[in-house]
1. Taking only region 40-75 into account, find how many residues are of a type outside the set (Gly, Ala, Ser), touching a Cys at 6+ places or on another chain (Cβ under 8 Å) and in a helix (DSSP H, G or I).
2. Among the residues of region 27-55, how many are surrounded by fewer than 14 Cβ atoms within 10 Å (Cβ to Cβ) and among the aliphatic types (A, V, I, L, M)?
3. For Ile37, work out the one condition from (1) in a helix (DSSP H, G or I); (2) at pLDDT 80 or above; (3) under 12 Å from the mean Cα position of the chain (by Cα) it doesn't fulfil.
Amino acid sequence: MNCWQMIRMNKATEVMKSAQHWLNLIRALPLTRPVRIMNVCGGHERAITMAGLRSALPKNVELIPGPGCPVCVCPEEDVYRNWPCMQA
C-alpha cells in the first residue's frame, strides 16, 4: 500500500467515525413526535441516497427530497443574466 492509499484509508476511517458520532447524537435526541426534514440540494440528496442515510436514521426522522437548490435547478443563462443584480 502506498502513502496515498494509506491517507485515503485514514480519511475514510475518520469520516466513518464522524458519521457514526452524528448518527448517535441524532438517535439520542428526545423526539416526542415524527420529524420531517426537507433536503433542498440535489448534490446532498445524491450523497444521502448513495450513503444509505435514510435507513440509518431513527424511524421517526424522515428526510424528504426537495425541489433542488436554485443553483442546481436554474438554467445557466438565468444565473448569468441576474449576476449584475447579485453584485449590487
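1. So the answer is 1.
2. Within region 27-55, residues that are surrounded by fewer than 14 Cβ atoms within 10 Å (Cβ to Cβ) and among the aliphatic types (A, V, I, L, M) number 8.
3. Answer for Ile37: the failing condition is (1).
The values are calculated or read from the model by the stated rules, or taken from the named source; none is laboratory data. Keep in mind the model is a prediction, meaning the values are calculated, not measured. All Cβ positions, glycine included, derive from the backbone under ideal geometry; neighbour counts span all protein chains shown.
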